[in-house]
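Before any comments, here is the structure.
The values are calculated or read from the model by the stated rules, or taken from the named source; none is laboratory data. As the structure is a computational prediction, the values presented were derived from the model and not from experiment. Note that we place each Cβ from the backbone using ideal geometry, even for glycine, and neighbour counts take in every protein chain shown.
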Amino acid sequence: MIESVQAWFRTLADTHPKWNFIYLYDPVQTARIGEGLWMTLQLSVACVVFSVLIGVTGAWLQGSQHAAVRAFVQGYIQFFRNTPPLIQLLFFYFALGQFTPTYSPDGWLEVPIISNVGWAIISLSFFAGAFNVEIFRAGIEAIPESTREAADSLGMSRLQIYVYVVLPLAFRVSLPALNNNLVNLVKTTTQAIVIAVPELLYQLVSIYNDYSTAQNACMLLMFVVYITLVGVLVLGMNRWERALRIPGYGG
Amino acid sequence: MRKNIVSRGLSGAALAGLLAGSFSGVAAAECTNDVWNQVMKRGKVVVGIKADYKPWGYRGEDGSLIGMEADMAKDVADAMGVDLELVPVQSSNRMQFLEQGKIDMMIATMSDRPDRRKIVGITQPNYYTSGTNVMSPKALALTEWENLRDKPVCGKQGAFYNKIVSERYGAKIVAFTGNAEAKQALRDKKCIAWVYDDSSIMSDLSSGNYGEFEMPLASEDDNPWGLAVPLAERHCVFGNFMSGMTYNWHQSGRLIELEKKWGIQATKYLADQHDRFVDWLAGQ
């Protein structure tokens, strides 16, 4: 069965030189796609988790009594929100990468402790995290002052109020906007190609450069994979939104 | 009677029209010369060349595209009697630009490969050749390709030999989108070598900016370069015109002259082609 499908695509490549689905019959190319997909998944999951953590922490620090802390968070948001993610990737990898510790396996090579994959995760998480801080702030500001005062009068500390009262309610308000930002984040992982992170786009571009007849087939796969990936994320977020719904609260 | 003549005349005209139509139909299936005609109509040819491949195609101090391939493009425009517009292209998008009509033709340091001939109209004869080599630090003193096994080697997205070097010698290719990023990564010691065309590495080394680097290996996979017109016009006016241009460039020694002008080390290939296409009446 598989052989006949492979044979069919082999013939298709011969008769239609622009539709060479090489990754369906050449195991080497299939493996490259697999590696790229795995890297994209790792990047996406790591960045989504870290950026949400950054968002939650940043939003809490924004309510700090210390002006210096508030100014620091504001500075962070302005820096990461106002520069393109592509520039951030290049800056982190090529500029900051020079100042991180390295080890040398052969006396010349300087392998940095933080690899290009590491820098991509750091850079993209901080980029999306800056937006997430603002998204959570919007949610927090939607919580009525009276709710907070009620918790305060029960003797809860600032952290307790944030973790047990404000955040659970604010999270529900923030989810639709968070959903948007995380979808964007998953799509932005493709930009890691500029620092040669071997994610899906990198592998597909490499394949259609090695086999120029495979270009259309690679483009097609790219669309299918990203539509699926983002579709799964959106589906998951929507289900979460529904599961967290409190009847009578919010819209 | 009169009606009869008119109708006979009409049917005759229809028949003639039908015949003419069928003939032009046959011609249309083979050579429409769309791009060529469009170039002539707008009085300007758009040529894709490299912008990061000194001294073939690169940006001069004023930002304009110059180099050996820019001069070749100028020769083409002059012979066609039209203006020239140069568009910068990259290894990973040059064929797509030509396919989509963003450029009318390209002279962009492209190796002539069988799978590329299926996508763009690469014309004969080839105008240059280069092999694959690496630029690596003198400190490492590489001696053979096997030294690259399992080591990170910087490369460029879109070069056909990335695959060959990783399959044949087990090098771990880290491919960047641009030459600048890849060479920066080499200087930052993120890889042990930069694999690229020997001709380009040679001109980088002679620029004096790479004092602690060398090109230590024997060049491999010598591969002629091809300029390209749209695939559909490979055997039509445009393709035949470019074959003629290239033939005359070789015969007149124009390419050898340009090679000298841009400070490129003289290649045996151009000298051989010059001899091969020598005019038998020359010097008589």
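Taking the criterion of being outside the structural domain of B:A70 (by TED's automatic domain parsing) and free of Cβ contacts under 8 Å to residues at least 12 places away in the same chain, no residue of the range B:219-248 qualifies. Evaluation of B:N162 against the conditions (1) of a type in the set (S, T, N, Q); (2) within 17 Å of B:S92 (Cα to Cα); (3) more than 8 Å from chain A (Cβ to nearest Cβ) shows that the sole unmet condition is (3).
Within the range B:207-247, the set of residues being crowded, with 23+ Cβ neighbours inside 10 Å, hydrophobic (A, V, I, L, M, F, W, C) and assigned to a helix (DSSP H, G or I) comprises B:F238, B:M242. Of all the residues in the range A:72-122, those that are within 18 Å of B:C154 (Cα to Cα), modelled with pLDDT of 85 or more and of a type in the set (S, T, Y) number 2. What is the number of the single condition among (1) surrounded by 18 or more Cβ atoms within 10 Å (Cβ to Cβ); (2) modelled with pLDDT under 90; (3) within 14 Å of chain B (Cβ to nearest Cβ) that A:M39 does not meet? For A:M39, the exception is condition (2). Do the conditions hold for A:A196, that is, is it buried (at least 19 other Cβ atoms within 10 Å of the Cβ), within 14 Å of chain B (Cβ to nearest Cβ), more than 30 Å from A:T147 (Cβ to Cβ) and at pLDDT below 90? Taking the combined requirement at face value, the residue satisfies it.
Restricted to the range B:166-186, and to residues there that are surrounded by 16 or more Cβ atoms within 10 Å (Cβ to Cβ) and within 22 Å of the chain's Cα centre (by Cα), the residue that is farthest from the other protein chains (Cβ to nearest Cβ) is B:N179.
Here is a yes/no grid of residues against (1) touching a Phe, Trp or Tyr at 6+ places or on another chain (Cβ under 8 Å); (2) under 30 Å from A:T11 (Cβ atoms); (3) of a type in the set (A, V, I, L, M, F, W, C):
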site	(1), (2), (3)
A:Q160	no, no, no
A:N180	no, no, no
A:V183	no, no, yes
A:K187	yes, no, no
A:D210	yes, yes, no
A:Y226	no, yes, no
A:L235	no, no, yes
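Per-residue answers, yes or no, for (1) aliphatic (A, V, I, L, M); (2) within 11 Å of another protein chain (Cβ to nearest Cβ); (3) more than 19 Å from A:V48 (Cα to Cα):
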site	(1), (2), (3)
A:Q88	no, no, no
A:G107	no, yes, yes
A:I113	yes, no, yes
A:S123	no, no, no
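Taken over the range B:148-159, residues that are at pLDDT 85 or above and facing chain A (nearest Cβ under 10 Å) amount to 6. Within the range A:199-215, the only residue that satisfies the criterion of being modelled with pLDDT of 90 or more and over 19 Å from the mean Cα position of the chain (by Cα) is A:L204. Only a single item in (1) buried (at least 21 other Cβ atoms within 10 Å of the Cβ); (2) at the interface with another protein chain (Cβ under 8 Å from one of its Cβ atoms) is not met by B:K189, and it is number (1). Does A:W19 satisfy the condition of being modelled with pLDDT under 90, part of a helix (DSSP H, G or I) and within 30 Å of B:A232 (Cα to Cα)? No: the conditions fail for A:W19. Looking at B:A70, is it away from chain A (no Cβ under 14 Å) and surrounded by 22 or more Cβ atoms within 10 Å (Cβ to Cβ)? Yes; evaluated as a whole, the condition is true for this residue. Within the set A:V205, A:V165, A:V186, the sole residue that is away from chain B (no Cβ under 14 Å), free of Cβ contacts under 8 Å to residues at least 40 places away in the same chain, surrounded by 14 or more Cβ atoms within 10 Å (Cβ to Cβ) and not polar (S, T, N, Q) turns out to be A:V165.
Take A:T57 and decide whether it is surrounded by fewer than 18 Cβ atoms within 10 Å (Cβ to Cβ) and in a loop (DSSP other than H, G, I, E, B). No; evaluated as a whole, the condition is false for this residue.
Quick one: would you say B:D62 is assigned to a helix (DSSP H, G or I) and either away from chain A (no Cβ under 14 Å) or among the small types (G, A, S) (or both)? No; evaluated as a whole, the condition is false for this residue. Annotation: of all residues in the range B:134-147 being more than 12 Å from chain A (Cβ to nearest Cβ) and modelled with pLDDT under 90, the one that is farthest from B:A232 (Cα to Cα) is B:T143. Note on the range A:140-213: enclosed helices (runs of 4 or more DSSP H) holding 3 or more residues that are farther than 30 Å from A:H66 by Cα are A:167-188, A:200-210. When restricted to residues that are of a type in the set (D, E, K, R), in a loop (DSSP other than H, G, I, E, B) and free of Cβ contacts under 8 Å to residues at least 12 places away in the same chain, the range B:262-284 contains 0. Here A:C218 passes the criteria (1) modelled with pLDDT of 90 or more; (2) within 19 Å of the chain's Cα centre (by Cα); (3) not hydroxyl-bearing (S, T, Y) except the one numbered (2). Check whether at least one residue in the range B:91-114 is touching a Cys at 6+ places or on another chain (Cβ under 7 Å) and either facing chain A (nearest Cβ under 10 Å) or on the phi > 0 side of the Ramachandran plot (or both), and report yes or no. Checked the range B:91-114: no residue is touching a Cys at 6+ places or on another chain (Cβ under 7 Å) and either facing chain A (nearest Cβ under 10 Å) or on the phi > 0 side of the Ramachandran plot (or both). Does any residue of the range B:143-153 turn out to be touching a helix residue (DSSP H, G or I) at 6+ places or on another chain (Cβ under 6 Å) and crowded, with 22+ Cβ neighbours inside 10 Å? Yes: one or more hits.
Residue count for the range B:38-59, restricted to those that are under 13 Å from the mean Cα position of the chain (by Cα) and in a helix (DSSP H, G or I): 0. Give just the number: which of (1) buried (at least 22 other Cβ atoms within 10 Å of the Cβ); (2) outside the structural domain of B:T267 (by TED's automatic domain parsing) does B:P137 not satisfy? All conditions are met except number (1).
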